[in-house]
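Q: Structure in structure tokens, see below.
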Amino acid sequence: MEEENYFFRLSKYQRELEHLLESQEYAVVPETRKNEALSFVRRGLEDFSISRSVARAHGWGVPVPDDPGQIMYVWFDALNVYRSSSPDWWPADLHVVGKGILRFHAVYWPAILLSAKLPLPKKLFVHGYITVSGQKMSKTVGNVVDPLALVERYGADAVRYYFLREIPAYEDGDYTDQKFVERYNADLANGIGNFAARVTTLAAGMGLLPMTLQTPDEVVLEIKRARERVEEAMRDFRFHEALAAIMALVSYGDGYVNAHKPWETKDAETIFALVAILEDTAQLLLPFLPKTAETILAALERTSDGINVKKVSNLFPRV
């Protein structure tokens, strides 16, 4: 097909885009996606069409100013919605996209902003796709997973956990019902849920745990390590590694319970240390499992004199 359209002079921004990507002034994460965008730019940028004829588009679209015979190409018009819908928040600190639209967001969009003399987003995070049993999701194949059905059955936090923990932040990741149930039972029912129930059951029977109790240095150090690991992973948007670090803290807490047997000793300092582990676990979980974290934190009532703990159970019933 051949017709007359309006073009955007992308070639004009060849060197500037190359510099922005190389210098990380416009940072693209992960490195593999940055290199992919750079490779495309270095091959030489060509001007691209930003309009379509009304006749070919059957009249649907945003009209080109002063030219009733042309409408805007959707990718040229739609990109600006990021900025125009939230002008007070622009430029964005972080722009999140899937890998299939990398070129539009790492090359075309910044060039359009440069042309309009508008600020660019500070960083672009590019994630992979979710497959089902190793296959691309497709209505034709019939393997599309309905997230609402999963939420209805397992709860929103469980669904959030699976896709953040099981799917690598930078690559494609796979979903199957079996993997979901295995991860749910291992990490949520037997992990976070079981640990919260054990600790709060022990602590609830102790009454007020006074603030004069000391948390052992070993526990303080383990909590500090977990926080540092989570912070490091979050800086690079490696959510699965952040959750792995949190789960390592839960495992440490379970080991601490088993080693010190507080159900036998009734030692207040041991239970106080376990409450500290649980509280920090919940705080670290807030961005990932907000309802779960808030339920746990609500059960740990701090006063000026100490902590009163209410029993928390059945956060994640085993399936």
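Coordinate-derived values only; no laboratory data. Here the structure is a predicted model, which means the values were calculated and not measured. As a convention, Cβ positions derive from the backbone with ideal geometry for all residues, glycine included, and neighbour counts pool all protein chains shown.
Q: Which label belongs to the value computed from this structure, given these candidates for semi-axes √(5λ) of the Cα gyration tensor in Å: (i) 51, 22, 17; (ii) 36, 24, 17; (iii) 41, 22, 15?
A: It is the value labelled (i).
Q: Here's something else I'd like to know. Full-extension gain between GLU228 and GLU294, please, as 0.36 nm times their residue separation minus the C-alpha to C-alpha distance.
A: Working: separation 66, 0.36 × 66 = 23.76 nm, distance 2.17 nm.
So the extension gain works out to 21.6 nm.
Q: To continue, here is another question. Calculate one ³J(HN,Hα) per residue across the range 189-204 by plugging θ = phi - 60° into the Karplus curve 6.51 cos²θ - 1.76 cosθ + 1.60, and present them in order as whole Hz with x for glycine and proline.
A: 5, 7, x, 4, x, 5, 5, 4, 5, 4, 5, 5, 5, 5, 6, 5
Q: Further question on the same structure: At 0.36 nm per residue, minus the direct Cα-Cα distance, what do VAL81 and GLU2 gain on full extension? Give it in nm, one decimal, please.
A: On the way: separation 79, 0.36 × 79 = 28.44 nm, distance 2.91 nm.
Length gained, VAL81 through GLU2: 25.5 nm.
Q: So, one more: Whole-Hz ³J(HN,Hα) for each residue in the range 122-139, computed from phi via Karplus 6.51 cos²θ - 1.76 cosθ + 1.60 with θ = phi - 60°, x for glycine and proline: what do you get?
A: Values, residue by residue: 7, 8, 10, 9, 10, 9, x, 10, 9, 9, 10, 6, x, 10, 5, 5, 8, 5 Hz.
Q: Which loop-located trypsin sites (Lys or Arg not before Pro) does the range 67-158 contain, where loop means any DSSP state but H, G, I, E or B and the Cβ has at most 15 other Cβ atoms within 10 Å?
A: Hits after loop and neighbour filter: LYS117, LYS122, LYS139.
Q: Turning to a different aspect of this structure: Considering only DSSP states other than H, G, I, E and B, which GluC sites (Glu not before Pro) in the range 1-93 qualify as loop sites with at most 12 other Cβ atoms within 10 Å?
A: Qualifying residues, ordered by number: GLU2, GLU3, GLU4, GLU25, GLU46.
Q: Which FRET efficiency value, to the nearest 0.05, is calculated for ASN190 and ASP93 with the Förster distance at 35 angstrom and r the Cβ-Cβ distance?
A: Efficiency at R0 = 35 Å is approximately 0.40.
Q: How much length is gained if the chain between ASP146 and ALA55 is pulled fully straight, taking 0.36 nm per residue apart and subtracting their Cα-Cα distance, in nm to one decimal?
A: On the way: separation 91, 0.36 × 91 = 32.76 nm, distance 3.80 nm.
Taking 0.36 nm per residue and subtracting the Cα distance, the gain is 29.0 nm.
Q: Here are some pairs, LYS179/LYS266; LYS34/LYS291; LYS34/LYS117; LYS123/LYS291; which of them have Cα atoms lying more than 32 Å apart in this structure? Please report the intermediate quantities before stating the final value.
A: Details: LYS179/LYS266 38 Å; LYS34/LYS291 35 Å; LYS34/LYS117 23 Å; LYS123/LYS291 29 Å.
Where the Cα-Cα span goes over 32 Å, the pairs concerned are LYS179/LYS266; LYS34/LYS291.
Q: Here is a follow-up. Restricting to Cα pairs below 8 Å that are 6+ residues apart, what does the relative contact order work out to for the range 132-309? Please round to a whole percent.
A: Values: 187 pairs, mean separation 50.0, N = 178.
About 28 percent, as a whole number.
Q: Check ASP174: other-chain or 5+ apart residues with amide H under 5 Å from its amide H, H built from backbone geometry?
A: Under 5 Å from the amide H of ASP174 lie the amide H atoms of THR131, each far enough along the sequence or on another chain.
Q: Name all residues of the range 232-271 having a backbone nitrogen under 19 Å from the label point set 7 Å from the Cα of GLU218 along its Cα→Cβ direction, giving them as ranges.
A: Zone members listed by number: 248-271.
Q: Using a Förster distance of 41 angstrom, determine the FRET efficiency expected from the C-beta separation of LYS136 and ASP305, and round it to 0.05.
A: Working: r = 58 Å, r/R0 = 1.42.
After rounding, the FRET efficiency stands at 0.10.
Q: How about the range 138-198: which GluC sites (Glu not before Pro) there are in a DSSP loop, with at most 15 other Cβ atoms within 10 Å of their Cβ?
A: Details: sites: GLU152, GLU166, GLU171, GLU182; in loops: GLU166, GLU171.
Taking the range 138-198 and a limit of 15 other Cβ atoms within 10 Å, the loop GluC sites (Glu not before Pro) found are GLU171.
Q: Pick out, from LEU113, THR265, VAL132, the residue whose Cα sits farthest towards the positive end of the charge dipole of the chain, with +1 on the Cβ of Lys and Arg and -1 on the Cβ of Asp and Glu.
A: Most positive-ward Cα: VAL132.
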